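One structure is given here, and the rest of the page talks about it.
The values are calculated or read from the model by the stated rules, or taken from the named source; none is laboratory data. Remember, it's a predicted structure, so these values are computed and weren't measured experimentally. Backbone-built Cβ (ideal geometry, glycine too); neighbour counts: all protein chains shown. Remember, those area values only see protein heavy atoms, side chains included, never the ligands or the DNA or RNA. Shrake-Rupley method; radii C 1.70, N 1.55, O 1.52, S 1.80 Å.
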Amino acid sequence: MTDIISGEIHRPGRIEVVCGSMFSGKTEELIRRIKRAVFARQRVEIFKPSIDTRYSEEEVVSHDRNAIRSTIVDTSASILLLASDVDVVGIDEAQFLDEDLPNVCNELANRGVRVIIAGLDMDFKGVPFGPMPALCAIADDVTKVHAICVRCGALAYVSHRLVNDDKRVLLGEKAQYEPLCRECYIKATDEERKAASGASQ
């Protein structure tokens with residue numbers, strides 16, 4: 001199916017991953033691709049994990065407040081049940097879903113569904129996050145997007161946590177996180193270690 005106006009083509013099943021740090025435009029890119037598919041009159045369903053209710057319980061919302069209606073799921077298996085008779089599946093904040101998500105995405109793609117996934121590739125410690133590494137491995141296409149380091153203006157590498165909380169999952173915004181390049185991230189974590197060491201003496 002081809003839409004002459006938009007140039008969007010209904011392609012056979014495939015997996016597309018959009019990954020990067022916070023504030024890099026991952027959700028923005030997911031919404032852009034989904035809206036093009038809708039414009040091309042494809043049947044679309046968007047999912048997000050129930051844990052992510054920062055902006056809306058019923059929509060996928062980017063940091064720039066662009067939004068698109070979504071379905072909340074607790075497990076990746078729910079996506080299989082809810083994604084019947086669709087051409088395109090969008091999944092936002094995929095790092096918060098369970099480790100079975102790659103299998104679910106493969107099954108959808110093998111059925112002929114285009115699966116578009118957005119998520120953090122690393123947590124605040126620079127460790128690969130949840131099912132994202134496996135999703136990148138099986139994807140037909142991976143797009144890594146970058147925020148800008150708030151300290152030096154280079155391309156950001158990781159989301160640096162600004163608050164003293166060691167939980168891996170901590171929903172937040174600019175008050176809790178800042179995008180940093182590798183060099184600035186190393187400097188910041190070194191400073192934090194020295195400050196913590198001095199405070200304990």
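Table for the structure above
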read-out: The stretch 91-201, accessible area per residue, ligands and nucleic acids excluded (1.4 Å, Å²); value: 51
read-out: Kirkwood Rh in Å, taken over the stretch 88-127 so that all alpha-carbon pairs contribute; value: 11.0
read-out: Label point distance in nm, Asp85-Val127, each placed 7 Å from Cα along Cα→Cβ; value: 4.4
read-out: Cα→Cβ-extended label distance, 7 Å offset, between Phe39 and Ala77, nm; value: 3.9
read-out: Contour excess over end-to-end distance, with Cα ends at Asp190 and Asn110 and 0.36 nm allotted per residue; value: 24.2 nm
